[in-house]
Amino acid sequence: MVQLPLPGHIQEKAIIEAISPEKDVDGFHPINIGRMMTGQDAFLPCTPYGVMVMLEYIDYDLEGKHVVIVGRSNIVGKPAGQLFLNANATVTYCHSRTKDLAYYTKQADVVVAAVGKRDTITSDHIKEGAIVIDVGMNRNDEGKLCGDVAFDEVKNKASYITPVPKGVGPMTITMLMKNTVKSAQKALEQNKQALKS
Ligand code: NDP
């Protein structure tokens, strides 16, 4: 496993491409990203994967829903949007150059905040009853872990909201374990096939 970010003198692209796609349990290799984008079986990036599993757990039907993703990194925002698209949602990406963030987030049935700045999403950013998923991991003035969402005010407006800590973070770890087991099972299957032939 490669723990990102890497020190500046190491080329991230070269390291990620050196991982076997069959062992790419983080889902960062371009082959897995391509498979995910084309709807093929793939190792899905763990954080967006965990977000989808949470929504599955509450039986939320994403078809036709408007999902606004705030953040467009390669490991969270972009793949999250793709997974929502695969689930037939309508997806809008927002980022640091977006003008009037609230204009977009207020239209959303689901808001995913993956920014890395606390209080990016306040109650003025969401519509009544929206689902709010907070990926962010930041520190508040007291040094305590907090997300990108002003939890205390947004929780009164949202139908569901994930806390930080104990929200998306543990789901990411769980999906990493799931991908690891999947990779091991695949390797076992391949070994069995090789023994047969
Ligand atoms: P990046 O820094 O790579 O990306 C942040 C994104 O936020 C960028 O696309 C940036 O836009 C956008 N952004 C920055 N400021 C604003 C703003 N004011 N309004 C709208 N968009 C903005 O971060 P990551 O995606 O890697 O991580 C995001 C957060 O999620 C971090 O807090 C990280 O610690 C956390 N995280 C949590 C995980 C978990 O398991 N819970 C796993 C991975 C990350 P632009 O592209 O224009 O620069």
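The values are calculated or read from the model by the stated rules, or taken from the named source; none is laboratory data. For clarity, every value in this text was computed on a predicted model and none was experimentally measured. For neighbour counting, all protein chains shown are included, and Cβ atoms are generated from backbone atoms with ideal geometry for every residue, glycine included. When the accessible area is computed, the model is the full protein with side chains, heavy atoms only, and any ligands, DNA or RNA have been set aside. Shrake-Rupley method; radii C 1.70, N 1.55, O 1.52, S 1.80 Å.
For this structure, a couple of remarks:
- Cα coordinate range in the chain, projected on the principal axes (Å, largest first): 62, 41, 29
- Bridges between two residues of the chain, per DSSP, are antiparallel at a rate of about 10%.
- Neighbour cut-off at most 15 other Cβ (10 Å), DSSP loop, GluC sites (Glu not before Pro), segment 57-159: E63, E128, E142
- Think of it as helices only: each DSSP H run of n ≥ 4 in the chain is worth -39500 (n - 2.57), and spread over all residues that comes to -11000 deg cm²/dmol at 222 nm.
- Only lysine pairs 8 or more places apart, or on different chains, with alpha-carbon atoms under 21 angstrom apart are counted in segment 100-167, and they number 15.
- Counting only DSSP beta bridges with both residues in segment 88-169, the antiparallel share comes to about 20 percent.
- Measuring nothing but protein heavy atoms, the accessible surface of the chain at 1.4 Å probe radius is 55 percent carbon and sulfur.
- Trypsin sites (Lys or Arg not before Pro) lying in DSSP loop within segment 121-197, provided at most 11 other Cβ fall within 10 Å: K144, K166
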